[in-house]
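Just below is one structure, and these are the notes that go with it.
The values are calculated or read from the model by the stated rules, or taken from the named source; none is laboratory data. A quick note: this is a predicted structure, and the numbers were derived from the prediction, not measured. Quick reminder, even Gly has a Cβ in these numbers, built from the backbone with ideal geometry, and neighbours come from all protein chains shown.
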Amino acid sequence: MNLEEDILIQNYLTQSLSEKEKKDFVKRLNTDTSFKEKFTLEEEMFKSLNKEEWSFIEKKNHAEVKEYETIFENEETKEIKKILKKENEKYQKKQNKKSTKKRSYYIAAALVALVFSLYNIINTKESTQNIVASYLNETELPSIIERGEKQNELAKAQKLFENKEYSKALLIFEKEIQNPKNPKAVIYLYTGVSQMQINKLEEANKTFQKLIESELLDAPKGKWYKALVYIKMNKIKEAKEILNTIIKSKTYNFKKAKQLLKELD
Amino acid sequence: MKDNLFYLKALVEGKSSIIQEIYQKNFPKVIKFVLQNKGNKSDAEDIFQLALLQLVVRYKKEKFEIKSNFEGYLFTVCKNLWRRELNKSKKKVTNTKEYELIDDSEDMALALVEQKKWEIFSEKLELISENCKKILKLFFAKKTYSKIVEAMQYSSETVARQRVFKCKAKLTELVKKDKRYKSLKE
């Protein structure tokens, strides 16, 4: 091929020939087999190596194409086709689950971040206090009363607690903790939180320490509350130490402990 | 290290755990590519299945060897299949998919042979001199001669034209000599 032919073919491929030139070009393709051959190779090369084009095969009766077609049609291949379809569905389903989970996690995290940044804007000095308040509110205490026992002293105390009459509630809790029939761990929790609410922080600290040292199932909860007490006391270093032990042992609220630890930094 | 044959065999045998592994490692890249190039999620799913099926059929017929790694090869096949789809709709007047891609055996067979043809051209491009490769890559990317002059620091467009012409001649010569290309012409 000479340079002239080459330029002509390139101009055709990039559609830069005039109508008249194009007509002549097509005519030559139909009559000059050697020119047609050159053109075909050039076109194949151009369309293969340009990233936006694709070089198709026009001859459908091509022997190799027919051979592959037979393999695509056979039962074994059809079986694999079905398997691939199933595997695709399996994979996509898993991905969907993952992304919804991720999304809801991000939304929750964003909300938490927003709430705390608002606290910080409103009053930076009180921000740690607010952290404690919001965590206290968030953490649901188990109900003290067992079913059918609405009339006893503990029920009264819980009611007072719910109405934020902490001092009055404390009087009852302090008495009831002596009764071996009562659920000790829960009473410790209520007692400690009540003490926190009326700023008897040293006492609250002692109450939670008792819970921690008890052999009770709920003993680990004491650590979480103790950490909150320390924050309220502004003893951030001590609070962090406890939070780290919670995270290490993966006990009650360890995920929240991680979050809280970040907020303290 | 899992070799390329390991994945091909697992595909032919329909091994679920390995197919899931292939999906995990490769599908994210493919869907990203399709989304960036005018496609949607379901296009990406179709293309991925087509590509895997293409590998199975090709392996069944000729026990072919993947010269690069499996991941890279699979991605190339996916990219080419998507390029092919985009160019198909360019040729057609309507843009709608009127049939399931994966059910058209003749079309899948054509795509496979076209992929093999593409491989010949890309392989040969790697065999010519670095300088020629650089010029031709610019040329095939439809850069103008003035751009080629600038990039290659030639003295004029005439020189650039002559260089492109010579490099292309080298490339076509290599392609024409290749046995696989000859058999495609039959």
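Residue B:59: at pLDDT 95 or above and within 13 Å of chain A (Cβ to nearest Cβ), yes or no?
Here the answer is no, as residue B:59 does not meet what is asked.
Among the residues of segment A:26-35, are any part of a helix (DSSP H, G or I) and touching a residue at least 12 places away in the same chain (Cβ under 8 Å)? Give the derivation first.
Quick first cut of segment A:26-35, residues part of a helix (DSSP H, G or I) only: A:26-31, A:33-35.
Filter again for touching a residue at least 12 places away in the same chain (Cβ under 8 Å), leaving A:35.
Yes.
Restricting to segment A:49-66, name every residue that is assigned to a helix (DSSP H, G or I) and more than 7 Å from chain B (Cβ to nearest Cβ).
Step one: of segment A:49-66, the residues assigned to a helix (DSSP H, G or I) are A:49, A:63-66.
Matches in segment A:49-66: A:66 only.
Quick check on my filter: what residues within segment B:118-154 are crowded, with 19+ Cβ neighbours inside 10 Å and within 7 Å of chain A (Cβ to nearest Cβ)?
Those that are crowded, with 19+ Cβ neighbours inside 10 Å and within 7 Å of chain A (Cβ to nearest Cβ): B:118, B:121, B:125, B:140.
Of the residues B:133, B:124, only one is in contact (Cβ under 8 Å) with a residue 40 or more places away in the chain and in a helix (DSSP H, G or I); which?
Only one candidate qualifies: B:124.
If you check A:262, A:226, A:255, which single one turns out to be within 30 Å of residue A:109 (Cα to Cα), buried (at least 17 other Cβ atoms within 10 Å of the Cβ), charged (D, E, K, R) and within 33 Å of the chain's Cα centre (by Cα)?
None of the others qualify; the one that does is A:226.
Here is a list of conditions, (1) surrounded by fewer than 17 Cβ atoms within 10 Å (Cβ to Cβ); (2) at the interface with chain B (Cβ under 7 Å from one of its Cβ atoms); (3) more than 30 Å from residue B:123 (Cα to Cα), and residue A:106 meets all of them except one; can you say which number that is?
The failed condition is (2).
Go through (1) over 30 Å from residue B:142 (Cα atoms); (2) more than 9 Å from chain B (Cβ to nearest Cβ); (3) loosely packed, with under 12 Cβ neighbours inside 10 Å and name the single condition residue A:15 misses.
All conditions are met except number (1).
Picking from A:72, A:46, which residue would you name as being in contact with an Asp or Glu (Cβ under 9 Å, 6 or more places away or on another chain), in contact (Cβ under 8 Å) with a residue 24 or more places away in the chain and at the interface with chain B (Cβ under 7 Å from one of its Cβ atoms)?
A:46
Could you tell me whether segment A:86-94 includes any residue that is closer than 19 Å to residue B:87 by Cβ and of a type in the set (Lys, Arg)? Reasoning before the result, please.
Within segment A:86-94, the first condition is being closer than 19 Å to residue B:87 by Cβ, and the residues that meet it are none.
No, there is no match, as no residue in segment A:86-94 is closer than 19 Å to residue B:87 by Cβ and of a type in the set (Lys, Arg).
Enumerate the pairs (first residue in segment A:176-201 and in contact (Cβ under 8 Å) with a residue 40 or more places away in the chain and of a type outside the set (D, E, K, R); second residue anywhere and outside any helix (DSSP H, G or I) and surrounded by fewer than 22 Cβ atoms within 10 Å (Cβ to Cβ)) with beta-carbon separation below 6 Å, excluding pairs fewer than 6 apart on the same chain, so at least 6 apart or on different chains.
Pairs that qualify, where the first residue is in contact (Cβ under 8 Å) with a residue 40 or more places away in the chain and of a type outside the set (D, E, K, R) and the partner is outside any helix (DSSP H, G or I) and surrounded by fewer than 22 Cβ atoms within 10 Å (Cβ to Cβ), are A:186/A:142; A:186/A:144; A:187/A:177; A:189/A:141.
Restricting to segment B:155-186, and then to whatever is outside any helix (DSSP H, G or I) and not polar (S, T, N, Q), can you tell me which residue is nearest to the other protein chains (Cβ to nearest Cβ)?
Per the criteria, the residue is B:186.
Can you tell me which residue is modelled with the highest pLDDT among those in segment A:227-265 that are over 17 Å from residue A:204 (Cβ atoms) and of a type in the set (Asp, Glu)?
By that ranking, first place goes to A:241.
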